[in-house]
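Everything on this sheet refers to the single structure shown next.
The values are calculated or read from the model by the stated rules, or taken from the named source; none is laboratory data. Note that the structure is a prediction, hence the values are computed from the model and not measured. We place every Cβ from the backbone using ideal geometry, glycine too, and count neighbours over all the protein chains shown. Side chains included, ligands, DNA and RNA excluded: accessible areas come from the protein's heavy atoms. Shrake-Rupley method; radii C 1.70, N 1.55, O 1.52, S 1.80 Å.
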Amino acid sequence: MPADPRPRLLIMAWSTLRSDARVLRQIRLFSSRYAVTTLGYGEAPDGVVEHLRIPDEVVHWHKDRRLLVLRRFDAAYRSAPVTRAAVELLAGQRRFVVVLADDIDTLPLALDLAPTGGVHADLHEYHPRQNEESRRWRTFVAPYYRWLVRRYGPLADSVTTVGEGIAREYRLRFGLRSGVVVNAPQFVDLDPVPVEPDAPLRLVHSGNAQRHRLDVILEAMDLVTRSMTLDLYLMPNDPAYLEELRERYAASDRVRIHPPVAPHELPATLNAHDVGVYVLPPVSFNHLWALPNKVFDFVQGRLALVVGPSPEMSALVRRHRLGLVSDDFSAASLAAALDSLDADQVAGFKEASHAAAHELSAERQVRGWERAIDTLAARVGG
């Protein structure tokens, strides 16, 4: 069998790749022009020529606590179970042309591989403040991530991240310049569903079953005065909380709990509703500057949006006139915003989502990755 003539690209992520929407977009983007090898958890994603699977029992965040306390960060990184497992999987691999390192955790290992074209780092979060709401994390783990970014970030040949606010913070704190590729899904050809003037307003939210992400929305549903329903499509990341919600709303005709929907099916599911709603209290820097998948999923579902005053989300909603922004992150403020909506207003916001759906799709937004990886690959052979 003849050798694959395409440049060899390695995509590394310490996640379950088949359910990591951002990594799947990278694979989809490059698999037609590059021979893509993946390194990560779970079964092989579609479109790759080879998958190096990290054993499920290897916990990616485990580090030697003693080494973290002693600030022996390089030893902590090199001795981590996930690093050792990845090194073993990569042993004997032919040299890659480009390595795409997802998140700062994979970057040192990507640089060790010395690909002939270079290394691109895609930073999904602002890692030095990722879990800053935890005092233990701030004390023991944050210094490690500051070291990782300071030591290895400048060695990447190019960098992208998920939003302008996070890119600005990397630049101000570490001198790290990065492009922005937002978490937009593929374009879906849908039309907005008409709003029924006399029917209850159909609200929807999809994502993780987490208290800090849902409690404000659910409390707002107890405060609204006009007729509306809320459908929740939730991932079982906190089974106890999800079961609590199922029991609490088992007899409710206003709040309904549904199983999660596969990413490729989500826009069509959302399309049957009127308003996508999301208020994320800013308990950390990353929460404050979040611009998550679900906002773009709402757009592909051709919904009106109601969000909290998170800078990135509110700017997007206002720029494209997609909906309303609550005055603050409280349930009372969200309820006031929802109560202010009327059918004509919602219909107009849905049309605005329809108009913005091409621009706010992966096909447009992933060009930052395309330029970066193609530039590195072009170094090889002139």
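Protection proxy ranking for 65-77, 295-307, 20-32, using the average of other Cβ atoms within 10 Å per residue and placing the highest first: 295-307, 20-32, 65-77. Only protein heavy atoms count here; under a 1.4 Å probe, K63 has an accessible surface of about 50 Å².
Basic side chains Lys and Arg get +1 at the Cβ, acidic Asp and Glu get -1 at the Cβ, and with that the dipole of the stretch 266-330 about its Cα centre reaches some 220 debye.
Between R95 and A268, the simple label model (points 7 Å from Cα in the Cβ direction) yields a spacing of 4.7 nm. Entry note, the stretch 230-382: relative contact order of 18 percent, from Cα contacts under 8 Å with a spacing of 6+ residues.
In nm, what is the difference between 0.36 nm times the number of residues separating L223 and V283 and their Cα-Cα distance?
Working: separation 60, 0.36 × 60 = 21.60 nm, distance 2.30 nm.
Going from the current span to full extension adds 19.3 nm.
Lys and Arg at +1, Asp and Glu at -1: add these up for the other residues within a Cβ distance under 10 Å of Q186 and post the number. Each step should come with its number before you reach the end.
On the way: positive: R25, R28; negative: E363.
Summing Lys and Arg as +1 and Asp and Glu as -1 gives +1.
Comparing V119, V317, V261 in a Gaussian network model of the chain where C-alpha atoms under 10 Å apart are linked, the largest mean-square fluctuation is found at V261.
Projecting the Cα atoms of L280, A337, T269 onto the dipole axis of the chain, where Lys and Arg carry +1 and Asp and Glu carry -1 at the beta carbon, places L280 farthest toward the positive end.
Could you sort E370, E169, E359 by their accessible area in this structure, using a 1.4 Å probe and putting the largest first? Spell out each step's value before the answer.
Numbers: E370 65, E169 25, E359 90 Å².
Reading off the accessible areas and sorting them downward yields E359, E370, E169.
Where in the stretch 7-37 is the amide nitrogen less than 13 Å from a point lying 7 Å along the Cα-to-Cβ axis of V49? Once the point is set 7 Å along Cα→Cβ of V49, 7-11, 31-37 turn out to lie under 13 Å by backbone N, inside the stretch 7-37.
Dipole check for the chain: with +1 at the C-beta of Lys and Arg, -1 at the C-beta of Asp and Glu, and the Cα centre as origin, the magnitude is about 1940 Debye. Gain on full extension, evaluated as 0.36 nm per residue between W137 and A199 minus their Cα-Cα distance, stands at 17.6 nm.
Centre-to-centre, using Cα atoms only, the stretch 86-126 and the stretch 322-338 are separated by 42 Å. When the charge dipole of the chain is built from unit charges on Cβ atoms (+1 for Lys and Arg, -1 for Asp and Glu) and taken about the Cα centre, the candidate among F298, M313, L109 whose Cα reaches farthest toward its positive end is L109.
For T161, the amide hydrogen comes within under 5 Å of the amide hydrogens of L123, G179, V180, V181, counting only partners 5 or more places away or on other chains and with H modelled in the peptide plane.
About the Cα centre, and with charges only on the beta carbon of Lys, Arg (+1) and Asp, Glu (-1), how big is the dipole of the stretch 223-382? Nearest 20 debye, please. The partial results should precede the final answer.
Numbers: 15 positive and 20 negative charges, 86 e Å.
Rounded to the nearest 20 debye, it is 420 debye.
Multiplying the residue separation of R321 and E351 by 0.36 nm and subtracting their alpha-carbon distance yields 9.8 nm. Using θ = phi - 60° in the Karplus curve 6.51 cos²θ - 1.76 cosθ + 1.60, the 3J(HN,Hα) couplings for the stretch 28-43 round to 4, 5, 9, 5, 7, 10, 10, 7, 8, 9, 10, 10, x, 8, x, 5 Hz; x is entered for Gly and Pro. Counting only protein heavy atoms, what percent of the accessible surface of the stretch 76-219 is carbon or sulfur at a 1.4 Å probe? Roughly 46 percent, rounded to a whole number. Principal axis extents of the C-alpha atoms in the chain (largest first, rounded to whole Å): 66, 48, 38.
When the chain is treated as a Gaussian network with alpha carbon springs shorter than 10 Å, the biggest mean-square fluctuation among N237, N293, N183 belongs to N237.
Rounded, prolate or oblate: pick one for the stretch 230-352, where a ≥ b ≥ c are the square roots of the eigenvalues of its C-alpha gyration tensor, a/c under 1.5 means rounded, and failing that, prolate if a/b is larger than b/c, else oblate. Because its axes are fairly even, with a/c under 1.5, the stretch 230-352 counts as rounded.
Once backbone amide H atoms are built at 1.01 Å from N, V255 has L230 as its partners under 5 Å, excluding neighbours fewer than 5 places away on the same chain.
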